[in-house]
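A short worksheet on the structure shown next.
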Amino acid sequence: MALAFKRVLLKLSGEALAAGQGFGVDAARVHEIAAEIQEVHALGVEIAIVVGGGNFFRGVAEQARNMDRVSADLMGMLATVINALALQDALEKLEVYTRVMSAIEMNRVAEPFIRRRAIRHLEKKRLVIFAAGTGNPYFSTDSAASLRAMEIKADVILKATKVDGIYDADPVVVKDAKMFDTITHLDILKKGLKVMDATAITLCRDNHLPIIVFNLNTRGNIRRVVMGEKIGSLVST
């Protein structure tokens, strides 16, 4: 079976790395995720990753309520670097050559983000993890994922979540919430669905970049998506 996508950007939440413990990095869970990514990388897919930092600190969270927004967002960006390094370590233990590229310069820790260098890494079958968001406050890691996906000319954004796809209401709260098999970027904005923030969705809509939202907790789903199976919800123009 042929690959449906040659180059993908995988968006992971920081909470995914924390597993059930809510805070910090769960080493066992990180290695499970890394093993799934390695399996897909071995198929020949070029993979870039953007990981959030919500398992440590989120600039818009309750814990940042009394902080200056710029300072809080900078802390959130640094949290994503911690997660990127944890994921890099797990991937390299599986012999996947991995580069962390940071939007904030920290040369002892990660490479600076340079678009052409990132593309070259991917062409050489290295996996690239983009850390520190866009490097700017007031932008989420969802926006960073959309921006980086466009810059590296990814075929699709794979948004890994803890639910099966995009619903018309929170499926954890509303038992009969309806899942969309397909939906447009515009409908997500009109309905106010909390898939990715409005900036990220608008960026994808304007550049005709599809998004597939799927459940990361179902083992093998990343592989199923890149092989073209109908998993989760497809967002297209």
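The values are calculated or read from the model by the stated rules, or taken from the named source; none is laboratory data. None of the values given here were measured: they were computed from a predicted structure. Please note: Cβ atoms are built from the backbone with ideal geometry, for glycine as well, and neighbour counts cover all protein chains shown. These accessible areas exclude ligands, DNA and RNA; they are computed on the full protein's heavy atoms, side chains included. Shrake-Rupley method; radii C 1.70, N 1.55, O 1.52, S 1.80 Å.
The numbered conditions (1) part of a helix (DSSP H, G or I); (2) under 23 Å from residue 33 (Cβ atoms); (3) open to solvent by 70 Å² or more (accessible area, probe 1.4 Å) are all true for residue 190 except (2). Candidates are the residues of segment 14-26 that are in contact (Cβ under 8 Å) with a residue 24 or more places away in the chain and open to solvent by 40 Å² or more (accessible area, probe 1.4 Å); the one that is nearest to the chain's Cα centre (by Cα) is 15. Take residue 229 and tell me if it is open to solvent by 80 Å² or more (accessible area, probe 1.4 Å) and of a type outside the set (Ser, Thr, Tyr). The answer is yes for residue 229. Checked across segment 208-230, the condition of being acidic (Asp, Glu), in a loop (DSSP other than H, G, I, E, B), farther than 22 Å from residue 15 by Cβ and more than 18 Å from the chain's Cα centre (by Cα) holds for at least one residue. Applying the condition of being in contact with a Lys or Arg (Cβ under 8 Å, 6 or more places away or on another chain), at pLDDT 95 or above and of a type in the set (A, V, I, L, M) to segment 19-46 and asking which residue is nearest to residue 92 (Cα to Cα) yields 34. Could you list all residues from segment 107-123 that are over 19 Å from residue 89 (Cα atoms), open to solvent by 50 Å² or more (accessible area, probe 1.4 Å) and in contact (Cβ under 8 Å) with a residue 12 or more places away in the chain? Correct list: 114, 115, 117, 123. The number of residues in segment 93-124 that are outside any strand (DSSP E or B), charged (D, E, K, R) and within 19 Å of the chain's Cα centre (by Cα) comes to 1.
Kindly evaluate residue 90 against the criterion of being closer than 23 Å to residue 195 by Cα and in a helix (DSSP H, G or I). For residue 90, the condition - closer than 23 Å to residue 195 by Cα and in a helix (DSSP H, G or I) - is not met.
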